[in-house]
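The values are calculated or read from the model by the stated rules, or taken from the named source; none is laboratory data. Keep in mind it's a predicted model, so treat the numbers as computed, not measured. Neighbour counts run over all protein chains shown; Cβ positions are idealised from the backbone, glycine included. Ligands, DNA and RNA are stripped out before the accessible areas are found, and what is left, the full protein with its side chains, is counted by its heavy atoms. Shrake-Rupley method; radii C 1.70, N 1.55, O 1.52, S 1.80 Å.
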Amino acid sequence: MFDKATLLYLYTETPLHAGSGTSLGIVDLPIQRERATGYPIVQASSLKGCLRDVASNGNPQQRQRVEVVFGPDTQRAADYAGAISVGDARVLLFPVRSLLGIFAWVTSKDVLARFRRDAQTAGISIGWRETGPTTEREALVASKDLVSNEHVVLEEFAFTAKEDPMVKAIAEWLAQNALPAGDEYTYWRQTLPRHLVILPENAFRDFTLFATEVISRIRLDDATKTVARGALWSEEHLPSDTLLYATLFASKPRVSDTEFTDATSVLQFVKDVIDGKRLQLGGDATVGRGFVKVRIGG
């Protein structure tokens, strides 16, 4: 049983490819998605492995503490379980091209309700309630920055804009508690309250399905300098400026010979070694994909 919990936020600074293997669809290498909703995710196993690697940081002196928190290496996995549990990273804000303001961060009532539930599980008070439009042609906004002729135009779709003070409350909370805290993110924290749009559930799902980045990759034949046979493929990526979140649960360590005394000290260790770091998550590390900025807490 887990005793403490918190939230981990991931802000994508470059496109992120958390792959799900090959596909028979239009995209050869799609990203990971939830079965029921089709929303993008980063599976917990991938995220936990990345966090473990960063916590180790190639320092042998950290090995014992990392094993207590994240569990032993694969060869000794049966010895005991780790003291931290990492959930899937779920989408919270998704960037979409906008007629005004370059792009908007979009979300939906369904996504916000999920987040609010997870925040409550982690013991985090958010001070707002989820809200959403009442029709499929409407979108809720906090300001007029993205509004043209009473409409918000995202990609080729227009939604009737309706100002709602709760959107501003949600955006301001996310700006202060979920976006990265560094000085380089001051502009983005100031922009979010003006660029947040809450869409109908169906529209949000469609954007996360069809407005991701699809990148073509090739491998050249060394002799001819043309595409090698069978070496042309396409990859799907979450776009830059996507905000994801995951739950972190901690328990008392399952070994006695350790400096960690309880779940609180376990979470504090994870926060000390992870919070504020830039991580590389997913594939294509050598071509600059998957760089994310991390924030823990709320």
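Report, by chain and number, residues whose modeled amide H sits under 5 Å from the one on K252, excluding near sequence neighbours (fewer than 5 apart, same chain). Result for K252 returns D3, A263. Sorted largest first by accessible area at a 1.4 angstrom probe radius, with every protein chain in place, the residues W128, W173 fall in the order W173, W128.
Solvent-accessible area of segment 58-159 (1.4 angstrom probe, protein heavy atoms only): carbon and sulfur portion equals 45 percent. Checking the Cα-Cα distances for K4/K293; K109/K162; K4/K48; K271/K293; K252/K293 against a 19 Å cut-off, the pairs over it are K4/K293; K252/K293. With bins 10 Å wide beginning at 0, the percent of Cα pairs of segment 46-156 falling in each bin runs 11, 28, 22, 19, 14, 6, 0. One quarter of the convex hull surface built on the alpha carbon atoms of segment 115-251 amounts to 13.5 nm², the projected area averaged over directions.
Annotation: F70 carries an accessible surface of approximately 10 Å², with a 1.4 Å probe and no ligand, DNA or RNA atoms counted. Accessible area per residue was computed with a 1.4 Å probe on protein heavy atoms; L232 scores about 110 Å².
For segment 153-185, GluC sites (Glu not before Pro) are listed when DSSP marks them as loop and at most 12 other Cβ atoms sit within 10 Å of their Cβ; the list is E156.
Adding -39500 (n - 2.57) for every DSSP H run of four residues or longer, then dividing by how many residues the chain holds, sets the calculated 222 nm ellipticity at -8000 deg cm²/dmol. Mean-square fluctuations from a GNM of the chain, with a 10 angstrom spring cutoff on Cα atoms, peak among R52, R278, R35 at R35. The GluC sites (Glu not before Pro) of segment 226-298 meeting both criteria, a DSSP state outside H, G, I, E and B (loop) and at most 13 other C-beta atoms within 10 angstrom of the site's C-beta, are E259.
So what's the net charge close to G38: Lys and Arg +1, Asp and Glu -1, counting the other residues with Cβ under 13 Å from its Cβ? Spelling it out: positives minus negatives among the neighbours equals -1.
Scattering from segment 236-291 was approximated by placing one identical point on each alpha carbon and applying the Debye formula without solvent; log10 I(q)/I(0) at 0.23, 0.28 1/Å stands at -0.95, -1.18. In terms of the Cα gyration tensor, with a ≥ b ≥ c the square roots of its eigenvalues, is segment 189-298 rounded because a/c is under 1.5, prolate because a/b exceeds b/c, or oblate? Oblate. Cα centroid distance between segment 143-178 and segment 240-280, in Å? Centre-to-centre (Cα) distance: 33 Å. Result for the chain in a Gaussian network model with C-alpha springs under 10 Å: among P72, P200, P60, the largest mean-square fluctuation is at P60.
Only one item in (i) 53, 44, 36; (ii) 66, 62, 37; (iii) 60, 48, 35 matches Cα extents along the principal axes in Å derived from the coordinates shown, and that item is (ii).
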